[in-house]
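Notes follow once the structure below has been shown.
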Amino acid sequence: MVYFWTGRRSHGYAVIREIKGDHILLDPEPDAVKGSHATTNYWAPRDRGVLKHQVDTPPQFWYTIFQS
């Protein structure tokens, strides 16, 4: 079990499924938060993976949704 994050605000705990080069493909836990890049059929941590520095480190979100 690892903690992951993406710049687009996805974050939570997951199990490592596979390591492919620089990316780690994850199976996120059901309570993991889906960020702005997630759609019904696509979620980056599961489908594309996250970079190694995005696992077990503090989140560094770069995408912010501004609401007025």
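Laboratory data are not the source of any read-out in this text; all were calculated from the coordinates shown. Keep in mind it's a predicted model, so treat the numbers as computed, not measured. Virtual Cβ from ideal backbone geometry, glycine too; neighbours counted across all protein chains shown.
Condition check ((1) under 14 Å from residue 53 (Cβ atoms); (2) in contact with a helix residue (DSSP H, G or I) (Cβ under 8 Å, 6 or more places away or on another chain); (3) of a type in the set (S, T, N, Q)) across all residues:
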{"position": "8", "(1), (2), (3)": "no, yes, no"}
{"position": "16", "(1), (2), (3)": "no, no, no"}
{"position": "24", "(1), (2), (3)": "yes, yes, no"}
{"position": "30", "(1), (2), (3)": "no, no, no"}
- Residue list for segment 2-15, restricted to those being aliphatic (A, V, I, L, M) and either within 13 Å of residue 62 (Cα to Cα) or touching a residue at least 24 places away in the same chain (Cβ under 8 Å) (or both): 2, 14
- Task: Check 28, 58 and return the single one that is of a type outside the set (Ser, Thr, Tyr) and surrounded by 14 or more Cβ atoms within 10 Å (Cβ to Cβ).
- Result: 28
